[in-house]
Number of protein chains: 2
Amino acid sequence: MLVVKTIEELKEIRKGLNGTIGFIPTMGALHDGHISLIKRAKEENELVIVSIFVNPTQFLKGEDLSTYPRKAEADIKICQMCKVDYLFMPEINAIYENDEVLIKAPQNSYVLEGFTRPGHFDGVLQVVLKLFNLTQPTNAYFGKKDAQQLALIGQMVKNLFIPINIVACDIVREISGLAMSSRNIYLSVEQKEEALKISKSIYMAGNLISKGERSSKLVKNKIYEVLAGLDVEYVKVVDKKFNEIEVIEPSNTIILVVVRFGSIRLLDNIWM
Amino acid sequence: MLVVKTIEELKEIRKGLNGTIGFIPTMGALHDGHISLIKRAKEENELVIVSIFVNPTQFLKGEDLSTYPRKAEADIKICQMCKVDYLFMPEINAIYENDEVLIKAPQNSYVLEGFTRPGHFDGVLQVVLKLFNLTQPTNAYFGKKDAQQLALIGQMVKNLFIPINIVACDIVREISGLAMSSRNIYLSVEQKEEALKISKSIYMAGNLISKGERSSKLVKNKIYEVLAGLDVEYVKVVDKKFNEIEVIEPSNTIILVVVRFGSIRLLDNIWM
């Protein structure tokens, strides 16, 4: 595996690459969720590029940019073990300059996560587009856990005719059921125990719908029951364009749950 | 030459292309300025793609979108004679949908042309990025006449790490000196005669600077003298980042002139 630190080096390498390339953009602190994306990319491509870049433009003021977990050494080791071909770890100043051409996410980027974090998705799309242009992959891999991010990246690719295939990958969970997240390490033992209600509520909702339930309201109420005692930010039933829906339509429904533990936000969801 | 009407067809064709590709995005009504871009692209690339698309998002309300000259048949003929390989002429609905991911041009897109036409460059960058992603050229050709457009496209390519080489091409003029423009056909014979003052003022400024003049103020005053009697919108001396400068610095100076004839705006400039 080659660790690539500069844009110039990456550009030079990319010019010499042929064949299918799988790309996984990450913010590091790699966990089994990321590893599952890398493994899938290894299976489906001749070469795999991973990037690690804690992207400042997707953090709002007061968010955890400075304390976001950074584990470069462990991350490099993990990528080596996964037989990643190129690990791109650029400096912030190499990626951004002042007064840039910006990306403006569409209106549906200001609901749900974008309601709590206005402008967050502009920063996500900006860095993803830069990384896409630098790596020019055949396939790019994203987890379904960040469902709205995945949808908006898909929309950007469609709107701008970016010649990259976006691969949506299932959520990876701890044995307990808790959805993998780099921010899980912030949780105390007690909070982690409490947080299990989230995946339980998600499973329960999936079961209800599998058995034929079609009322969003009823499913949401049942979820709130399971989440009792937690600081629930939202429970939403949306279609794949992130419009809220009253009637659940299998194969076009996502159920999203966000719970807070102090300043930590835990996301989970299920795609029907 | 193949005339390509749909995105699907273009994507399919592009997948099968190898070698260097030169791309010239246009709004049609092709004149000798465009032809010079095409010829240069032919010399420097194995294949040449031209697009014709009157892009609605770069016209402001009240501008000449509906009356912008459209000459599809003549344009196709010209491209054939220039031995263009692929002429892409998409429908508006194929390029745009509602509530899209947008491009936001930087601050320096709101001076000069962007001051008169706020938001114009957002639309320019949006369509150029789409066309770049569809055609994935090696080299893309733009005239220096739209100097600020050229600079902003260069900045977008740099900021977003788009793997395309932008080729800046000299202004092509009618024998009289008038800079080629699709909008010249709006001019009456008398206006065309009067408009010759523009290129005269530009040549004069170039001569002054060649002889050692370094004062922007003096050069601008001399230009205004030559333009006497015309409705001058602006005369500016800027560096290549479009900041106005007091002292002319050869190899980093552009002198820009915009003159109005009623609702018709004529641009000219010289790059030192």
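Which of the residues belonging to the range B:219-231 are in a helix (DSSP H, G or I), open to solvent by 70 Å² or more (accessible area, probe 1.4 Å) and not basic (Lys, Arg)? Write out each step before concluding.
Quick first cut of the range B:219-231, residues in a helix (DSSP H, G or I) only: B:219-226.
If we keep only those that are open to solvent by 70 Å² or more (accessible area, probe 1.4 Å) as well, we get B:221-222, B:224-225.
B:221, B:224, B:225, listed by residue number.
Provide a single number: the residues in the range A:84-93 that are in contact (Cβ under 8 Å) with a residue 60 or more places away in the chain and either at the interface with chain B (Cβ under 9 Å from one of its Cβ atoms) or open to solvent by 10 Å² or more (accessible area, probe 1.4 Å) (or both). Residues meeting the conditions: 5. Residues being free of Cβ contacts under 8 Å to residues at least 12 places away in the same chain, surrounded by fewer than 17 Cβ atoms within 10 Å (Cβ to Cβ), more than 14 Å from chain A (Cβ to nearest Cβ) and in a helix (DSSP H, G or I) are represented in the range B:68-78 by at least one member. Is it true that residue A:96 is touching a Pro at 6+ places or on another chain (Cβ under 7 Å) and either more than 20 Å from residue A:17 (Cα to Cα) or among the hydroxyl-bearing types (Ser, Thr, Tyr) (or both)? Judged against the criteria, residue A:96 is not a match.
Sort out which residues of the range A:38-59 are open to solvent by less than 10 Å² (accessible area, probe 1.4 Å) and part of a helix (DSSP H, G or I), and write them in order of number. Passing the criteria: A:38, A:41.
Counting the residues of the range A:12-32 that are out of contact with any Ser or Thr (no Cβ under 7 Å at 6 or more places or on another chain), over 20 Å from residue A:180 (Cβ atoms) and open to solvent by 40 Å² or more (accessible area, probe 1.4 Å) gives 5. Among the conditions (1) assigned to a loop (DSSP other than H, G, I, E, B); (2) within 20 Å of the chain's Cα centre (by Cα), the only one that residue B:255 does not satisfy is (1).
In summary, helices (runs of 4 or more DSSP H) completely within the range A:94-185 and bearing 2 or more residues that are open to solvent by 20 Å² or more (accessible area, probe 1.4 Å), out of contact with any helix residue (DSSP H, G or I) (no Cβ under 9 Å at 6 or more places or on another chain) and within 13 Å of chain B (Cβ to nearest Cβ) occur at A:147-159.
Could you check, for the range A:205-216, whether at least one of its residues is under 16 Å from residue A:171 (Cβ atoms) and crowded, with 18+ Cβ neighbours inside 10 Å? Yes, the range A:205-216 contains at least one residue that is under 16 Å from residue A:171 (Cβ atoms) and crowded, with 18+ Cβ neighbours inside 10 Å.
The values are calculated or read from the model by the stated rules, or taken from the named source; none is laboratory data. What you see is a predicted model, and the numbers here were worked out from it, not measured in a lab. With ideal geometry, Cβ positions are generated from the backbone for all residues, glycine too; neighbour counts draw on all protein chains shown. Accessible surface areas use protein heavy atoms only, side chains included; no ligands, DNA or RNA. Shrake-Rupley method; radii C 1.70, N 1.55, O 1.52, S 1.80 Å.
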